[in-house]
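What follows is a short report on a single structure.
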Amino acid sequence: MTNYKKILWQNIGLLMKQRYGEENLWRCAKDSGVGPGTMTRIKEQHTSVGMDTLEKLHQSGISTVQHNLP
């Protein structure tokens, strides 16, 4: 079974490294309008991500499907 939570985090992690040079949850949260707690839960893969969160990430330039989709 495909682990989409893991894929989402891998994509966000790669894009943060490209954009910021390192993993930076606080800055990613600030730039995207997603709460820092939500970013932490996405990283820990402890949450189901709603379309509103995906939309905020996408609109800020953090494409959540750019890499690693099966």
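Worth a mention:
- Here the chain has 49 percent of its accessible surface on carbon and sulfur atoms, given a 1.4 Å probe and all protein chains in place.
- Simple point charges give the picture: +1 on the Cβ of Lys and Arg, -1 on the Cβ of Asp and Glu, and for the chain a dipole about the Cα centre of about 80 debye.
- Across the chain, the mean sequence separation of Cα contacts (distance under 8 Å, 6 or more residues apart), normalised by length, yields a relative contact order of 43 percent.
- Here Cα extents along the principal axes in Å was computed from the coordinates, and among (1) 50, 19, 18; (2) 35, 26, 14; (3) 32, 21, 20 the match is (3).
- Expected 222 nm ellipticity per residue - DSSP helices of 4 or more, -39500 (n - 2.57), all of the chain, to 500: -18500 deg cm²/dmol
- Where the chain is the region considered: accessible area per residue in Å², 1.4 Å probe: 64 Å²
- Distance between modelled label sites at residue 52 and residue 17, nm, 7 Å Cα→Cβ extension: 3.2 nm
- Lysine pairs with alpha-carbon atoms under 16 Å apart, the chain, spacing 8 or more or separate chains: 6
The values are calculated or read from the model by the stated rules, or taken from the named source; none is laboratory data. As the structure is a prediction and not an experimental result, all values here were calculated from the model. Quick reminder, even Gly has a Cβ in these numbers, built from the backbone with ideal geometry, and neighbours come from all protein chains shown. Each accessible area value is taken on the protein alone, full model and side chains, heavy atoms only, with ligands, DNA and RNA left out. Shrake-Rupley method; radii C 1.70, N 1.55, O 1.52, S 1.80 Å.
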